[in-house]
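The values are calculated or read from the model by the stated rules, or taken from the named source; none is laboratory data. Note that the structure is a prediction, hence the values are computed from the model and not measured. A quick note on method: Cβ atoms are made from the backbone with ideal geometry, for glycine too, and the neighbour counts reach across all protein chains shown. All accessible areas refer to the heavy atoms of the entire protein, side chains included, with ligands and DNA or RNA removed. Shrake-Rupley method; radii C 1.70, N 1.55, O 1.52, S 1.80 Å.
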Amino acid sequence: MTNQSSSETALVLFSGGQDSTTCLAWALRRFARVEMLGFSYGQRHAIELECRDRLLSGIKSLRPDWAAKLGESHTLEIPTLAEISDTALTRDVAIAIGEDGLPNTFVPGRNLVFLTFAAALAYRRGIRHIIGGMCETDYSGYPDCRDETIKALQSALNLGMAKNFELHTPLMWLDKASTWKLAHELGGAGLVDLIREHSHTCYLGERGAQHDWGYGCGECPACALRAKGWREYAGTPSLPATNAKRLR
């Protein structure tokens, strides 16, 4: 962390999921002030947005120094994204793999739209750093999660807005087990437990069944990745003994 970034404000794409909550903690460790941005776009799992307040309350209780850094939490309504897409995230259809090899949970252009709106908001609020949970290690093959895409978009945003935005993707090269580990490194067992209990990942918006790794249907691609990562993380021999006991 440079002295410059430690005195600046960051904007985190904060959906209420595991990845975005980990990214929020990552930002709180590095920046003087952190604002958050979520999107309501007609997603089936819109319940994730309702999880944000509980997560923020937990983070404030967990670390008073982080509480002092938390700024405004924004939500943008972009229903047009659902209107022009035909996916399992925006329609009540079964999740399946398409002819192109991508799951039909892929919402074309979603991250491009999210980051463009985030940059527009950051422009107005004088924020240079934008943080997202995109990852191309443990993911479903979404092309807008790739490092190459994010770097190209950063160049386009900087050219198109005549600014010097920096897009941070701290999870880009981490698998889900490493993401759980990063959460522990950032906020200890308290943050891990907060993510397990109050974050939401399930594509179907299911919060009825509680598993070791949190709530979800347990079968959709998002749940499968989260559960697999949890099993690998929980079985890591290097975990502190006190925490390892809690995970069993």
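The residues of the range 154-202 have, on average, 39 Å² of accessible surface per residue, using a 1.4 Å probe with all protein chains present.
Across the range 20-141, Cα-Cα pairs more than 26 Å apart make up 28 percent of the total. Taking 0.36 nm per residue of sequence separation and removing the Cα-Cα distance, the residue 159/residue 72 pair yields an extension gain of 28.6 nm.
Here is how the number arises for the chain: DSSP H runs of 4 or more residues each give -39500 (n - 2.57), the sum is divided by the residue count, and the result at 222 nm is -14500 deg cm²/dmol. Across q = 0.09, 0.15 Å⁻¹, the chain modelled as identical point scatterers on its alpha-carbon atoms has Debye log10 I(q)/I(0) values of -0.37, -1.08, in the order of the q list.
Within straight-line reach of residue 176, meaning a Cα separation under 29 Å, sit the following lysines at least 8 residues removed in sequence or on another chain: 60, 69, 151, 228, 245. Note on the chain: dipole from Cβ charges, positive end direction compared against 41, 25, 131; the farthest Cα belongs to 25. So what does log10 I(q)/I(0) come out to for the range 122-175 at q = 0.12 Å⁻¹, using the Debye formula with one equal point on every Cα and no solvent? At q = 0.12 Å⁻¹ the computed log10 ratios are -0.29. The residues of the range 63-135 expose, per residue, 50 Å² of accessible area to a 1.4 Å probe.
In the chain, the portion of solvent-accessible area held by carbon and sulfur atoms comes to 50 percent [1.4 Å probe, whole percent, DNA, RNA and ligands not counted]. Counting every C-alpha pair in the range 101-234, the share spaced more than 27 angstrom apart comes to 28%.
Taking the square roots of 5 times each eigenvalue of the Cα gyration tensor of the range 1-49, largest first, gives ellipsoid semi-axes of 26, 10, 6 Å.
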